[in-house]
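J.: Mind having a look at this structure? Questions to follow.
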Amino acid sequence: MPTHPRRATAVAYLASLCVVTACTAPDAPSLGAEDTVKAAQLLLTDHCLSRQGLTPPRPGQRPPDAEEQNRVSEALFGTGPAELSLTLPGGPEVRQHTDGCLAQAQQRLYGDQERWFRASTTVNNLKSRAPAGERTAYRELRAHAVRTARMILRSAHEKGTNR
C-alpha cells in the first residue's frame, strides 16, 4: 500500500476512476505506469480483504478498534516469520511475507513474487549500483505488472467489480 496518505487517497481515487472509465475511454485521464500498477494492487488487495469479511483501510476513514486493525494488518501483510529476505551491502536485511493480500497481489501482478522482491529491493536500495541482472529483471517484471494491471482494471470495469 502507498505510504503517503495523500498519494494513497489519489491512487484510490484514480483506481476507482480508472475502473469506471476502463482507462480506455477517449476522454479518460491516462494513468502512468506506476499509478496503473498501484491502482490494480489496491483493487486486488481490497477484494482479498473483502473476501475475508474485512473492510479495506482508507485515509480519512474512522479507524477500527485495535482488534480489527490487527486482523486487517495480518490479512494484508501476512503473519509469522517472513519467508523472503535479502541482505543488502552494508548489512541491512529486508524481509517480506509470501502470505497475505499484498503478497497475493504482487504474485498476480508480477508473476513471480520472489523474483520481484529480490529485484525491486536491490534496485530500489542500490539504484545505479544494482547488478545489471537485477536491473533487467526489475524492468521485465515491472513491464509485466503494467500489462497485467491494465488487464485487471479493464476486466473489473467490464464486470462492474471495481469495489
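The values are calculated or read from the model by the stated rules, or taken from the named source; none is laboratory data. If you're wondering where the values come from, they're calculated on a predicted model, not measured in any experiment. Here Cβ is always computed from backbone atoms with ideal geometry, including for glycine, and neighbour counts include all displayed protein chains. Accessible surface areas use protein heavy atoms only, side chains included; no ligands, DNA or RNA. Shrake-Rupley method; radii C 1.70, N 1.55, O 1.52, S 1.80 Å.
J.: Considering the range 16-64 alone, what residues qualify as being open to solvent by less than 20 Å² (accessible area, probe 1.4 Å), at pLDDT below 90 and of a type in the set (V, I, T)?
T.: Within the range 16-64, just V19 meets the criteria.
J.: Can we say R108 is of a type in the set (K, R), in contact with a Leu (Cβ under 8 Å, 6 or more places away or on another chain), at negative phi and in contact (Cβ under 8 Å) with a residue 60 or more places away in the chain?
T.: The answer is yes for R108.
J.: Looking at A103, A119, A156 in this structure, which one is of a type in the set (A, V, I, L, M, F, W, C) and over 28 Å from S30 (Cβ atoms)?
T.: A103
J.: Let me ask something additional. Which residues, taken from the range 114-132, are in contact (Cβ under 8 Å) with a residue 24 or more places away in the chain and open to solvent by less than 10 Å² (accessible area, probe 1.4 Å)?
T.: Of everything in the range 114-132, just one residue is in contact (Cβ under 8 Å) with a residue 24 or more places away in the chain and open to solvent by less than 10 Å² (accessible area, probe 1.4 Å), namely F117.
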